[in-house]
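Where a number appears in this text, it was derived from the coordinates with a stated rule and is not lab data. Model, not experiment: these values are computed from the prediction. Here the Cβ is made from the backbone with ideal geometry for all residues, glycine too, and neighbour counts use every protein chain on show.
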Amino acid sequence: MGASWSDDRLIAVHENGNPVRPEWYSAEFQRIRKRAGLRRIPLKGLRNTSVSLVLASGVPVHIVATWHGHDPAMSLSIYSDVHPRDLESAGAALFGPDGGRRPRQVGKF
């Protein structure tokens with residue numbers, strides 16, 4: 001717009017040099033989400049979704065954590081979501097595909 005660079009150390013500015021307020025990102029995200037016909041989630045929910053999807057695809061937790069810029073424990077305890085199919089898989093691993101009606105043989109005793 002012809003304005004010279006301002007050395008006020010702002011990282012995100014509009015084309016006219018005015019600072020981008022943090023709430024603008026959330027509002028813009030909601031406008032895009034609505035146009036796409038997606039259900040409403042908070043902008044910060046994208047991090048949870050991203051961590052959960054990448055973990056579910058089999059990427060090791062230390063890589064997921066590094067990608068998202070935090071500790072593996074945080075990836076697992078705060079940002080990952082458990083899906084019903086994950087719980088079903090855990091139950092099947094413990095009780096077998098028949099729901100535990102017959103004891104599952106794990107090893108020789």
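Computed values, structure above
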quantity: Contour excess over end-to-end distance, with Cα ends at Ile11 and Ile78 and 0.36 nm allotted per residue; calculated: 21.3 nm
quantity: Segment 1-92: trypsin sites (Lys or Arg not before Pro) in DSSP loop, at most 13 other beta carbons within 10 Å; calculated: Arg9, Arg39, Arg40, Lys44
quantity: Pair Leu94, Asn18: separation of 7 Å Cα→Cβ label points (nm); calculated: 5.6 nm
quantity: Full-stretch length increase - Val61, Arg85 - with 0.36 nm per residue and alpha-carbon distance subtracted; calculated: 6.7 nm
